[in-house]
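The next block holds one structure in the form of structure tokens; read it before the comments.
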Amino acid sequence: MKLWGGRFAAASDELMQRFGNSIGFDQRLYAADIRGSIAYAGALARAGLITAAELEQLTRGLEQVRAEFEAGTFQLLPDDEDIHTAVERRLGELVGVVAGKLHTGRSRNDQVATDVRLYLLDEIALLRRALLEVQNALIEQAAKHLELIIPGYTHLQQAQPVLFSHWLMSYFWKLQRDQERLADVERRTRVCPLGAGALAGNPFGIDRAALAEALGFERVSENSIDAVGDRDFIVEFLAWAALLQVHLSQLAEELMIWSSREFGFVELDEAYTTGSSLMPQKRNPDVLELVRGKAGRMIGHLAGLLTTLKGLPSSYNKDLQEDKEPLFDVIDTLRLELPLMAGVVRTLRVNRARVEAALDSGMLATDLADYLVRKGIPFRESHHLVGRAVRRAEELGVSLRELELSEYQAIHPAFGKDLYTVFDFRRSVEMRSVEGGTALEAVRVQIERAQSAIDQFTNWSTDQLDN
Ligand code: ARG
């Protein structure tokens, strides 16, 4: 018999049942569902709707259902359309008629909204840690190669020399913003919809604030109609994931370019590459390719859920059941992917010789223009003058460094013998000692700040776990 079977004379269409069931994917909510139900039973007892003995029976029954899920012995039946139905059905088998009191004043609408929030809060805590590991790996590599100079690129063309550590840290800060965004998503997920009923609110005077507190929520939802239809927190989570995935994809792309034979700046650990079934010499960066590839899927999930939501009338609509598969897919993907990316970064080997050989003195043209600026020439003019020097060097088939002083002086008398001191990559890097610049000391400060941002987070998250 179905939970809602009373008013129906005929059985459901078999295909419709299969089409409508969510048990295939929402089973994973069992622990959250049972937690929510135990807390709800407590609220019913406090409101005098069930006795202390009944509360005891329900709680023990629910714990037993949970144990069956955990042991893998829970038996699904064909009529278990979703996790809520399945748990309640089994509870009835275990404790008898009292199970029928659990749903007093509750609807699957406020129940499912509560379950997903509880589930997601646990996952967010794990994901924050996993993301932190990638950040730690970036910091470790930066500390290991603190002083190495690499070509810095804009438009994927050599631009100015920078420290490898500075480049690594550029990804740290992207991920740090992702941490901050996730903390923000977490805040809006920590809102309790339980007590909203189907859409109009609970008629039995249950204490919503106590219920929210028992479940670890920060506050209760303000409007029962909104509470059962609100999936903003899932949209925000998917948006967070899509942007994080874009960042990871960018890092993956750059590492793939740099690990190509043509660049050879870095080498990926064998653990993260695969061979070819045809070409014996191949070592393919599969992990990184998949990280790049999955960005499409993640962005798609966000667009998909937004599209599901856009035409919905108020409160609960069955369309909302479509929120779960993208959510679970994103979580499953990131739970594998973040530790993998941490591993890729941590085991990355750098080929200093290849990096150094790639440094082209053309990247110091800006420093040459800056040299003229220090001699009192306005930058726009010095830029132009150095441009002429670049052209002249090209005509003569030499580098800027090899161009003779007489050639420079023919362009402008402000060029002096000391101009050649500019052709020093280390000097160029060290000139950028401004906060956030690539000079060694500035990068050291940056890494310290990154470390303290992480330490703050670590303290914060243990506080959260203690609560
Ligand atoms: N499986 C449903 C979902 O995921 C649970 C809520 C069903 N509510 C209802 N009124 N049919 O959204």
>> Out of ARG335, ARG352, ARG292, ARG374, I need the residue that is surrounded by fewer than 17 Cβ atoms within 10 Å (Cβ to Cβ), under 30 Å from ALA125 (Cβ atoms) and more than 16 Å from the ligand (Cβ to nearest atom). Which one?
In response: ARG335
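Consider region 77-125. How many of its residues are among the polar types (S, T, N, Q), assigned to a loop (DSSP other than H, G, I, E, B) and within 9 Å of the ligand (Cβ to nearest atom)?
Here is the first cut: in region 77-125, the residues among the polar types (S, T, N, Q) are 85, 104, 107, 109, 111, 114.
Then keep just the ones that are assigned to a loop (DSSP other than H, G, I, E, B); that gives 104, 107.
With the extra rule that they be within 9 Å of the ligand (Cβ to nearest atom), the set shrinks to 107.
The total comes to 1.
Kindly evaluate LEU62 against the criterion of being away from the ligand (no atom under 16 Å from the Cβ) and in a helix (DSSP H, G or I).
On the way: away from the ligand (no atom under 16 Å from the Cβ): yes; in a helix (DSSP H, G or I): yes.
Yes.
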>> Taking the condition of being of a type in the set (Phe, Trp, Tyr) and surrounded by fewer than 17 Cβ atoms within 10 Å (Cβ to Cβ), how many residues in region 22-76 meet it?
In response: 1
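Yes/no matrix, rows are residues, columns are (1) surrounded by fewer than 22 Cβ atoms within 10 Å (Cβ to Cβ); (2) farther than 30 Å from ARG432 by Cβ; (3) touching a Leu at 6+ places or on another chain (Cβ under 9 Å):
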{"residue": "SER107", "(1), (2), (3)": "yes, yes, yes"}
{"residue": "TYR119", "(1), (2), (3)": "no, yes, yes"}
{"residue": "ALA125", "(1), (2), (3)": "yes, yes, yes"}
{"residue": "GLN135", "(1), (2), (3)": "no, no, yes"}
{"residue": "HIS155", "(1), (2), (3)": "yes, no, no"}
{"residue": "GLN179", "(1), (2), (3)": "yes, no, yes"}
{"residue": "LEU182", "(1), (2), (3)": "yes, yes, yes"}
>> Looking only at residues that are without any contact (Cβ under 8 Å) to a residue 40 or more places away in the chain and farther than 16 Å from ASP122 by Cα in region 311-332, which one is farthest from the ligand (Cβ to nearest atom)?
In response: GLY311
> Which of the residues spanning region 1-27 are within 12 Å of the ligand (Cβ to nearest atom) and either outside any loop (DSSP other than H, G, I, E, B) or in contact (Cβ under 8 Å) with a residue 24 or more places away in the chain (or both)?
Replying inline: LYS2, LEU3, GLY20, ASN21, SER22, ILE23, GLY24, PHE25, ASP26, GLN27
> Can we say ALA32 is in contact with a Gly (Cβ under 7 Å, 6 or more places away or on another chain) and not hydroxyl-bearing (Ser, Thr, Tyr)?
Replying inline: no
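Where a number appears in this text, it was derived from the coordinates with a stated rule and is not lab data. These numbers come from a predicted model, not from an experiment. Every residue, glycine among them, receives a Cβ derived from its backbone with ideal geometry; neighbour counts consider all protein chains shown.
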